[in-house]
Amino acid sequence: MRHLTRTAVMLCAALGLTAAIGTASAAPGAPSAGARQVAVPVLVDCFWHPQVRPSAFVLACGDGNSRLTSLHWNHWGTRSARAGGVNVVNDCVPYCAAGHFHPYAVKVRLDHPKPWKKHPQVRHYSRMTLTYTGARPDHFPRVVTYPLWD
């Protein structure tokens, strides 16, 4: 009987706590997960997920032959973001499936924030500029600018 009483008291306490938390999160003025706006723009990945300060990012969504890794962000603001990292690129020699990946040090800049078509209340960076700081892939200029998907 004593065990049953203790279980009933614990259950009531847990239900009371759950009700209190639910009421507080539904209170007017408390931001809900769906209504929360991101103050700074996001970077939209290949799977249409918004990211802030990702450590990696795929540039070639179709085949994965170019990606950014080891990203370290030193700025993520309302107008631009900057990071250092590595662009890992497949040389596709003799063809992409048999090619080899090579790392190249880059500086990354994101800019031109605008409303994201999928979620217009969220702003996303629409342009990425890579500056190769040393070696770079064959036939690549030192600075490459890509439009980012919307």
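Would you confirm whether any residue within segment 102-116 is at positive phi and at pLDDT 95 or above?
Looking through segment 102-116, at least one residue is at positive phi and at pLDDT 95 or above.
If we keep just the residues of segment 118-150 that are modelled with pLDDT of 95 or more and of a type in the set (D, E, K, R), which is surrounded by the fewest Cβ atoms within 10 Å (Cβ to Cβ)?
Among those residues, the one meeting the criterion is Arg142.
Restricting attention to segment 39-59, does a residue exist that is within 18 Å of Thr145 (Cα to Cα) and free of Cβ contacts under 8 Å to residues at least 12 places away in the same chain?
Taking every residue of segment 39-59 in turn, none turns out to be within 18 Å of Thr145 (Cα to Cα) and free of Cβ contacts under 8 Å to residues at least 12 places away in the same chain.
Yes/no per residue for (1) aliphatic (A, V, I, L, M); (2) in contact with a helix residue (DSSP H, G or I) (Cβ under 7 Å, 6 or more places away or on another chain); (3) over 13 Å from Pro41 (Cα atoms):
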site: Asp91; (1), (2), (3): no, no, yes
site: Gly99; (1), (2), (3): no, no, yes
site: Tyr104; (1), (2), (3): no, no, yes
site: Gln121; (1), (2), (3): no, no, no
site: Gly134; (1), (2), (3): no, no, yes
site: Val144; (1), (2), (3): yes, no, yes
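Of the conditions (1) surrounded by 17 or more Cβ atoms within 10 Å (Cβ to Cβ); (2) free of Cβ contacts under 8 Å to residues at least 12 places away in the same chain; (3) not β-branched (Val, Ile, Thr), Leu68 clears all except one; give me its number.
The failed condition is (2).
Quick test of your reading of the structure: Trp76 fulfils all but one of (1) surrounded by 14 or more Cβ atoms within 10 Å (Cβ to Cβ); (2) modelled with pLDDT under 75. Name the failing condition by number.
(2)
The values are calculated or read from the model by the stated rules, or taken from the named source; none is laboratory data. Worth saying up front: this structure is predicted, and the values here are computed from it rather than measured. With ideal geometry, Cβ positions are generated from the backbone for all residues, glycine too; neighbour counts draw on all protein chains shown.
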